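Trainee: Pasting in a structure now, in structure tokens, and then I'll have a few things to ask.
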Amino acid sequence: MVSTATPTRPDPFALSEEERSVRDTAREFAQRELAPTVAQRDEEERYERGLFTRMGELGLTGIPYPEELGGAGLSYFAWALACEEIAAADMGMAISLSVHVLSQLCIFSHGTDEQKSRLLPPMTAGTHLGAFALTEPGAGSDAAALSLAARRTDDGYALTGTKVWITNGGEADIYVVFATVDRSHGPEGITAFVVTPDTPGFVVGSHERKMGIRDSPAAELVFEEALVPEADRLGAEGEGLKVALGSLASGRISIAAACTGLGRAALEHATRYASQRTQFGRTIAEQEMIQAILADAAVAVEASRLLTWRAARLRDAGGSINAASSMAKMFASDTAMQVATDAVQVYGGAGYSRDNPVERFMRDAKGAQIYEGSNQIQRLIIAQHLIEEQGRADR
Amino acid sequence: MVCIKQVPATTAEKRYTADLRLDRAAAEAVINPLDEYAIEQALRLQESGAVESVGFLSMGPEQAAEALRRALAMGGDDATLVTDPALAGADAWATARVLAAALDRLAPDVALMGMASDDARGSLVPGAVAAMRQVPLLSYGSELRIEGSSARVRRLTADGFDIVEAPLPVVASVTDQVGEPRYASLKGIMAAKRKPMETWSLADIGLSADDLHGSALTRVVETRKPEPKPPTERVENVGADEAVTRIADWLAARKLI
């Protein structure tokens, strides 16, 4: 591991003993149990549910939720540390887990006590996998334009419509689904529901044929008059967008952490390769153009981590995280893409081969610039925040 | 009672103080990896009901409490840290005296240790502690069993294995053959915060700095980095027959074939 990953005393950003312990457990697990098989699972586009179960046994599947609900009772910061470690070995599993934690957050933040105690313990334990179903064919960045209809029935709702690109789709046991009770109400019609796979009228459609994170599943979900009892509505009617956006603001922190892990892994591989590969009679690591690539990558990865840590610490302190988490997500995913692309360049021809991991990093990184709010949307959020702040300052 | 040592991480850059002691504050520290096997063995004995409780004992600076809490996160019941300014620079003999005195007070049926420490690699402490406490030593076990009032290790030898048995109490050491150490789960990490940990000074175990002859009988006179390995010789871009001949010649020149 490069030293950038492990600040110790007297570093003012040093981790607490407990935080180091969480990081070490996640790192040991990721390096021993994910890293050896990730290339093969990627190649076969295979999601290995047993690995999620193992993460559950270690307590990695509900880190930021209270112990009463089966969680680890740790901070969001600790979750970010674990997510970086998992992604450094296996970006697909990190994203799958991140979405699982995101779906739990919707329930934890907006569910009733009954819903929390019924739904969360199997999720924190890693026996039930969660999914977050917001995106539709006609509603990507413009999430408020979703059209999945929730028609009121005598004892609940009938859902009709289609979701696409749903991470963990087909594998999940709990789907948090966003629908509209009345399209004419626009964003105020959006409502969140919990749907289980045995719901009549709900089927998993085709699986997405992804460029990267191929060891995590993503699928289309089809609803045809799928009956959901009122007890499974999350929050009030019309509160759905608040449920979604509030949770996504936190979710972006773990995406940023995962991208930091991916960038770090790409940099470690590139540095190691550059130190071994000889051209013109010396290692390419001794050549300044390669050094410049590695140095720029090291700075960017470190900056990604610090933005991520700040957003996570801010969240744990109860601060407003909208801009901070967008900055972290945007910068860390752009960095992951840049560093992974550069790692391929450092490897040269070998990097273009599927026999080396850096091409996988490049494919895995690309998605992170798109999902959980494209980086264009993140820039909008950051700019809005900036303009509002300036307006307040000038008033 | 599992005796553990906090050591610098294998990958950490090691720095030395002016008096040639390892600068422990400068390096990321971990539980001695070979001690993790002893912890795993003890926890397995507890899970099978062969022992009632598992405790951890360490001698080291105050920060060694972190290694004890990491052990408690893996399992077990309680921990004891012996720490004292007079112990700085303790050598294997002083360490053994301190552990023996602490074990006299704790009086466990089994004092279990790893086969060596990752930083010093002396492998002296288990034997020294057994001698000082005048109890049997069961060393280098690939497995430890407790049956009734006796302990038994299985020790691999060049042509098979020995079974060595002794009446309790014993000092035992185990190898990396006992099985992969478990991870500390996140629940374990949280639970460890609530497990009891005692801190003892030298006086608490009835020793004084004089008893330890200034904490060491030995003195480090020099530290230096190992010589760098010569670069790997590669046989590349030649036909298979030629490559085989060259590798065979290389091995023959070193009398390896």
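The values are calculated or read from the model by the stated rules, or taken from the named source; none is laboratory data. Note that this is a predicted model, so its numbers are computed, not measured. Note that each Cβ is placed from the backbone with ideal geometry, even for glycine, and that neighbours are counted across all protein chains shown. Ligands, DNA and RNA are stripped out before the accessible areas are found, and what is left, the full protein with its side chains, is counted by its heavy atoms. Shrake-Rupley method; radii C 1.70, N 1.55, O 1.52, S 1.80 Å.
Trainee: Cα centroid distance between the range B:1-43 and the range B:74-118, in Å?
Mentor: 14 Å
Trainee: For the residue pair residue A:28 and residue A:151, what label-to-label distance in nm results when each label sits 7 Å from Cα along the Cα-to-beta-carbon direction?
Mentor: 5.6 nm
Trainee: Please list the non-local residues whose amide H lies under 5 Å from the amide H of residue A:62, H modeled 1.01 Å from N, same-chain partners needing a gap of 5 or more.
Mentor: A:72
Trainee: Follow-up. With a 1.4 Å probe on protein heavy atoms only, tell me which residues of the range B:28-53 lose at least 50 Å² of accessible surface in the complex relative to the chain by itself.
Mentor: Buried by 50 Å² or more upon assembly, which counts only protein chains, are B:28.
Trainee: Hey, another quick one. If you roll a 1.4 Å probe over the heavy atoms of the protein chains, what accessible area per residue do you get for chain B, in Å²?
Mentor: Result: 54 Å² of accessible area for each residue.
Trainee: Can you list the HN-Hα couplings for the range A:335-345, worked out from phi with the Karplus curve (6.51, -1.76, 1.60; θ = phi - 60°), rounded to whole Hz and with x for Gly and Pro?
Mentor: 5, 4, 5, 5, 5, 5, 5, 5, 5, 4, 5
Trainee: Turning to a different aspect of this structure: I need the calculated FRET efficiency for the pair residue A:16 and residue B:11, taking r as the beta carbon distance and R₀ as 22 Å, to the nearest 0.05. Write down the numbers at each step before the final one.
Mentor: Working: r = 21 Å, r/R0 = 0.95.
Step by step, r from the Cβ atoms, then E = 0.55.
Trainee: Need one value: the accessible area of residue A:24 in square angstrom, 1.4 angstrom probe, rounded to the nearest 10.
Mentor: 40 Å²
Trainee: Take the Cβ-Cβ distance between residue B:161 and residue A:57 as r, set R0 to 41 Å, and report the resulting FRET efficiency rounded to the nearest 0.05.
Mentor: It comes to 0.80.
Trainee: Using a 10 Å cut-off on Cβ to Cβ distances, tally the other chain neighbours for every residue of B:184-195 and report the average as a whole number.
Mentor: Partner Cβ neighbours, averaged per residue: 6.
Trainee: Quantify, in whole percent, the carbon and sulfur part of the accessible surface of chain A (1.4 Å probe; protein heavy atoms only).
Mentor: Roughly 54 percent of what the probe reaches on chain A is carbon or sulfur.
Trainee: Averaged per residue, what accessible surface does the range A:242-389 expose to a 1.4 Å probe, in Å²?
Mentor: Working: 6590 Å² over 148 residues.
Accessible area per residue, the range A:242-389: 45 Å².
Trainee: With bins 10 Å wide starting at 0, give me the P(r) of the range A:9-163 over every alpha carbon pair, in whole percents.
Mentor: Bins of 10 Å from zero give 10, 32, 31, 20, 5, 1, 0 percent of pairs.
Trainee: Using amide H atoms built 1.01 Å from N in the peptide plane, name the residues 5+ places from residue B:151, or on other chains, whose amide H lies under 5 Å from its own.
Mentor: B:166, B:168
Trainee: While we're looking at this one, here's another question. May I ask you to list the lysines whose Cα is less than 21 Å away from that of residue A:242, ignoring any residue fewer than eight positions away on the same chain?
Mentor: In chain and number order, the partners are A:116, A:163, A:329.
Trainee: Taking all protein chains as present, what is the carbon and sulfur share of the accessible area of chain B, in % to the nearest whole number, probe 1.4 Å?
Mentor: 50 percent
Trainee: Calculate one ³J(HN,Hα) per residue across the range A:68-75 by plugging θ = phi - 60° into the Karplus curve 6.51 cos²θ - 1.76 cosθ + 1.60, and present them in order as whole Hz with x for glycine and proline.
Mentor: 4, 9, x, x, 7, x, 9, 7
Trainee: Go ahead and set up a Gaussian network model of chain A, Cα springs under 10 Å, then flag whichever of A:116, A:163, A:366 fluctuates most.
Mentor: A:116
Trainee: Among DSSP beta bridges whose residues both lie in the protein assembly as shown, state the antiparallel percentage, nearest 5.
Mentor: 65 percent
Trainee: Using 0.36 nm per residue, how much length does the chain from residue A:209 to residue A:44 gain when fully extended, once their Cα-Cα distance is taken away?
Mentor: 58.2 nm
Trainee: In addition: Enter the accessible area of residue A:207 (Å², nearest 10), with the probe set to 1.4 Å and all protein chains included.
Mentor: 110 Å²
Trainee: How large is the Rg to Rh ratio of the range A:131-237 when both quantities use alpha carbon positions and Rh follows Kirkwood?
Mentor: Across the range A:131-237, the Cα-based Rg/Rh ratio is 0.96.
Trainee: Further, regarding this structure: Which value, in Å to one decimal place, does the Kirkwood hydrodynamic radius take for the protein assembly as shown when every pair of different Cα atoms is included?
Mentor: It works out to 27.7 Å.
Trainee: Right, another one. What does DSSP give for the range B:2-212 in terms of the percent of beta bridges that are antiparallel, rounded to the nearest 5?
Mentor: Details: 17 of 38 bridges.
Antiparallel: roughly 45 percent of the beta bridges in the range B:2-212.
Trainee: Between chains B and A, what is the buried accessible area in Å², counting both sides, with a 1.4 Å probe and ligands, DNA and RNA left out, to the nearest 100?
Mentor: Working: alone 14960 and 17020 Å², together 29960 Å².
Heavy-atom accessible area buried at this interface is about 2000 Å².
Trainee: Next question. If you average over every viewing direction, what projected area does the convex hull of the Cα atoms of the range A:242-389 give, in nm²?
Mentor: 9.6 nm²
Trainee: Take the Cα of residue B:120, step 7 Å along the line toward its Cβ, and report every residue of the range B:90-105 whose backbone nitrogen sits under 19 Å from that point.
Mentor: Taking a point 7 Å out along Cα→Cβ of residue B:120, the residues of the range B:90-105 whose backbone N falls under 19 Å are B:90-104.
Trainee: Enumerate the amide H contacts of residue B:172 below 5 Å, restricted to partners 5 or more residues apart or on another chain; note that Pro and chain-start residues carry no placed amide H.
Mentor: Hits under the 5 Å cutoff: B:111, B:112, B:113, B:138.
Trainee: Could you run the Debye sum over the Cα atoms of chain B, one equal point scatterer each and no solvent, and tell me log10 of I(q)/I(0) at q = 0.08, 0.11, 0.14, 0.17 Å⁻¹, two decimals?
Mentor: With one equal scatterer per Cα and no solvent, log10 I(q)/I(0) is -0.39, -0.66, -0.95, -1.29.
Trainee: So, one more: In whole Hz, what ³J(HN,Hα) sequence does the range A:245-250 give by Karplus (6.51, -1.76, 1.60; θ = phi - 60°), x for Gly and Pro?
Mentor: Couplings: 5, x, 5, 4, 4, 6 Hz.
Trainee: Among the trypsin sites (Lys or Arg not before Pro) in the range B:186-257, which ones are in a DSSP loop with at most 14 other Cβ atoms within 10 Å of the Cβ? Mind listing them?
Mentor: B:193, B:194, B:219, B:224, B:234, B:254, B:255
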